[in-house]
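Some notes on the structure that comes next.
What follows is calculated from the coordinates using simple rules that are stated; it is not laboratory data. Note that the structure is a prediction, hence the values are computed from the model and not measured. Neighbour counts run over all protein chains shown; Cβ positions are idealised from the backbone, glycine included.
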Amino acid sequence: MAGTSTVPATSYVSRTSASAVLHIDVSAIVANYRLIGQQVAPAQAAAVVKADCYGLGAATICPALERAGCRHFFVAHLAEAQALRPLLSADSALYILNGLVPGAEEECAAAGTNGTGAAIIPVLNSPDQIDRWAAVASALTVGTSGRPLPAVLQIDSGMSRLGLQPHEIEDLLARPEPISGVDLRFIMSHFACADTPDAPSNQAQNDYFYRVAARFPALARSLDNSSGSFLPHHQHGDIVRPGIALYGGAVQVGQKTPMYAVARLTAKILQLRTIKSGTGVGYGLTYAAPEAETIIATIGVGYADGWPRALSNKGSAFINGIRVPIAGRVSMDSMTLDVTHVPAEHLHPGAPVELIGPHQSIDDVANDADTISYEILTQLSHRYWRVYEGAEEAGA
Ligand SMILES: *Cc1c(COP(=O)(O)O)cnc(C)c1O
C-alpha cells in the first residue's frame with residue numbers, strides 16, 4: 001500500500017541509546033530443539049513459532065531451526081505464515097493453528113500456492129471450516145492442476161477450545177465426501193493440563209485422541225506440546241509441537257526446566273539518588289525508604305516494555321549477582337530499585353542490571369508476577385536492542 005509504512009518506529013533503536021539489551025541465544029534454541037527430538041524419537045519434533053517465536057524473533061529463529069532439520073512450523077495466523085514463508089524452503093510447511101477465518105479461504109489458498117517458500121497449511125477446526133476449505137479445494141481442482149489443497153484436522157480431546165467435537169467426528173466419518181477433496185496431512189489435538197503430569201485429564205485426552213486417530217489410519221498423529229513431550233509413560237505419536245521448551249521455559253509446573261536458557265535481558269542504570277528514611281518512591285508513593293540512607297536506582301524499563309506492573313514492590317533485579325528489590329510501582333517506561341546494599345563500584349549511570357539471566361529465569365519473573373513464562377516472553381518490547389547469538393552457526 002503506497003504511503004503506508006510497515007517499518008516499525010522501533011527500527012530507530014540503537015545499541016547505545018536503548019535502555020536494555022535483549023540477548024537471544026539461537027544456538028540454545030537449536031540445542032533445545034535437538035533435546036526434544038531425542039526425547040520423543042522416533043516421533044519428529046516440529047516447532048511452534050507463533051507470536052514471532054513467543055516474542056523472540058521468528059525471522060532469525062525459523063531458518064536456524066530449519067537448518068537443524070525442522071520441517072514443521074506452527075503459527076496461529078495466516079499473516080504469520082505469509083511473513084515466514086519466503087524464509088523457509090519448499091520442503092517445510094507452516095500450519096495455521098487458529099484455522100480458517102471465515103472469508104479468508106481464498107487468501108489462504110493463494111498464499112500457499114503463489115510464489116516460493118514453505119507450504120501454508122490450515123488446521124481445520126470445525127465442520128464449517130472443513131466445508132469451506134473443501135469448497136475452495138474443489139474449485140481450484142477443477143480450475144487448475146487438480147492438486148488437492150492440504151490441511152490438518154484438529155479434534156477436541158477435552159479442552160473445549162478448538163477442534164471437532166465427538167459427534168462432529170462421527171458425522172465426518174459417516175459422510176467423508178467434503179474432506180475427500182482435501183489432502184489431509186495429519187490429525188492433531190491439544191492437552192489442557194500437560195504441565196501437571198498427575199492431572200487425570202492427561203490420560204483421558206491421550207486415550208481418546210489415539211482412539212479417534214486409529215479411525216483415520218492414513219493420518220499421522222500429533223498431540224504433544226512441550227510438556228506433553230515430557231509426560232512419563234506416554235507415546236508421542238508422529239509429530240510433537242513444542243513451543244515454550246524451545247525458548248527455555250519450564251515444562252512442568254514448579255519444576256526446574258531441563259531446557260537451556262535462551263533469553264537474557266540486561267538494563268542499565270539511568271540515574272541514582274540517596275533518599276532519607278521514610279521518603280516515598282514512585283507513583284502512589286507505595287515504597288517508603290527503609291534506611292537512613294536508601295539508594296534508589298532508576299532503570300529505563302517499564303510495563304510498556306513488557307515488564308509486568310504486577311511486579312510493583314514484588315519483583316527483583318540483580319546487580320553483579322546481588323538481588324535488588326523493585327521499589328515502588330513499575331511505571332510505563334521506567335522502574336525504581338532499592339540498591340542500598342550494592343557496593344558502590346557497581347552503581348553508576350550505565351551500570352548493567354540483570355532482569356532476565358543467570359540469577360533470574362523467565363519462570364522466576366513469571367512466578368513473581370503471578371503469570372507464566374509465555375506471557376513474559378511474548379510481551380518483551382521492541383524498544384530493547386536485540387542481539388542474536390549463534391544464529392549463523394546454529395543448525396549448521
Ligand atoms: C501454543 C501451542 C503449542 C505449543 O505449546 P507449548 O506449551 O508452548 O509447547 C502446541 N500446540 C498448540 C495447538 C498450541 O496452541
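Counting trypsin sites (Lys or Arg not before Pro) as exposed when in a DSSP loop with at most 12 other beta carbons within 10 Å, what is the longest stretch of the chain free of them?
Working: sites that count: R15, R161, R215, K256.
Result for the longest clean stretch: 16-160.
Our Cα-only numbers for segment 239-355 put the radius of gyration and Dmax at 16.4, 60 Å. The mean of 1/r over all pairs of different alpha-carbon atoms in the chain, once inverted, gives a Kirkwood hydrodynamic radius of 23.0 Å. Just to be sure I understand the curve: with the Debye formula and one point per C-alpha of segment 15-112, what is log10 I(q)/I(0) at q = 0.22, 0.24 Å⁻¹? The Cα Debye sum returns log10 ratios of -1.12, -1.26.
Using R₀ = 45 Å, calculate the FRET efficiency as 1/(1 + (r/R₀)^6) where r is the Cβ-Cβ separation of R273 and A59; round to 0.05. Intermediate values should be presented prior to the final figure.
Numbers: r = 41 Å, r/R0 = 0.91.
So the FRET efficiency works out to roughly 0.65.
Between V48, V339, V136, the GNM of the chain built on Cα springs shorter than 10 angstrom shows V136 fluctuating the most.
Express in nm, to one decimal, how much length is gained between E170 and H359 on full extension, taking 0.36 nm for each residue of separation and deducting their alpha carbon distance.
Numbers: separation 189, 0.36 × 189 = 68.04 nm, distance 5.22 nm.
Result: 62.8 nm gained on full extension.
Within the chain, antiparallel bridges make up roughly 50 percent of the DSSP beta bridges whose residues both belong there.
What FRET efficiency do you get for E345 and T371 if R0 is 41 Å and r is their Cβ-Cβ distance, rounded to the nearest 0.05? For E345 and T371, the calculated efficiency is 0.75. Quick check: net charge around Y283, other residues with Cβ under 11 Å of its Cβ, Lys/Arg +1 and Asp/Glu -1? Neighbour charge sum, excluding Y283 itself: +2. Among D131, D363, D171, the residue with the largest mean-square fluctuation in a Gaussian network model of the chain, with springs joining Cα atoms closer than 10 Å, is D171.
Per DSSP H run of at least 4 residues, take -39500 (n - 2.57); add these up for the chain, divide by its residues and hand me the 222 nm value, nearest 500 deg cm²/dmol. Mind showing how you got there, number by number?
Numbers: 11 runs with 103 residues, N = 396.
After summing the helix terms and dividing by residue count, I get -7500 deg cm²/dmol.
Under 5 Å from the amide H of G302 lie the amide H atoms of W307, S334, each residue being 5 or more positions distant or on a separate chain, with H modelled from the backbone and absent for Pro and chain starts.
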